[in-house]
Amino acid sequence: MLIGCLSFKGSPGVTTGALSIARYWSADKAAFLVEADPFGGDLAAKLGASPGVGLWSLVADLRYPEKHESQLQAFSEVLPNGVNLVFGFAGRPKEQALDDNVHSRLCGLLKKESAETDVIVDLGRLSPVPCQPQHGLLQACDAVLAFFDASIEGVVGLGHGLAQLKGISTHATVLGVPAFRSGFGSEEISTALALEVLPQLPSDPKGVRALYRSCARASSGSKKLSRWSTHVVQVLTRQAQVDAAECAVVVSADADGKSEGKEDLEVSV
């Protein structure tokens, strides 16, 4: 499953939420976290890390597909808490490496990898103008977590952003995630925008610090973030099962249609 995490107005907890979901993914089901925020890429600084590989080296490798088939694992680093992280550009000159062919190959690679191992992509704030690889990755996502402030400004921004998102991603399941500040209730927002809204990302400064510390060295995390992340993972897992079942029904219907067509052809002959 390919899961995108983004916001429409500001960046209310997108990176923290994505990192926490990856941190608390079920123990027997590893996942990749890809830092693909076109306006950010600051996890290395937050974690005090000096990564030798990351998204910059992956896209450089994708410029030469004739050499070998790129593997996401080769460009990720396993953090002490078990997160498989592909670090973002962090100020590196990405424009030189990112052309249309590389965009397409990157999206194709993440989509292919997500068929075997779940991939969570931190997309940051959605750009109002076409922006690659952000928009291309959104088109490939199976699910999108839209983080927003539950204030009046945040909810209005969410409504406008959802309209923009529908023009980019036509098939992904979109779930709203209210972040930190209290405001409108989830049911109010869900009814007004016809959107499934998940529990609020907890306002837990100590837990957030513990989360980032666990990335730098193995340690326990926050119970609040753990409960929230576990619930989100369960929702996403159920959605993946529903999508797989629907896909199986479509494939079965197509197969039955072809079989009936073949029988009709044999009868007519």
### Query
What spacing in nm lies between the two simple spin-label points modelled at Phe39 and His160, each 7 Å away from Cα in the Cβ direction?
1.2
### Query
Hey, what did region 69-161 get for relative contact order, percent, Cα under 8 Å, at least 6 apart?
21
### Query
Taking the Cα-to-Cβ direction at Ala245 and at Gln71 and moving 7 Å from each Cα, how far apart do the two end points lie in nm?
3.5
### Task
Determine the alpha carbon to alpha carbon distance for each of Lys29/Lys111; Lys46/Lys223; Lys29/Lys112; Lys111/Lys224 and list only those over 27 Å.
Lys111/Lys224
### Message
Relative contact order of region 109-233, please, whole-number percent, based on alpha carbon pairs below 8 angstrom and at least 6 residues apart.
### Response
18
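Read-outs: derived from the displayed coordinates by stated rules, not from any lab. As the structure is a computational prediction, the values presented were derived from the model and not from experiment. In this analysis, Cβ positions are derived from the backbone assuming ideal geometry, glycine residues included, and neighbour counts consider all displayed protein chains.
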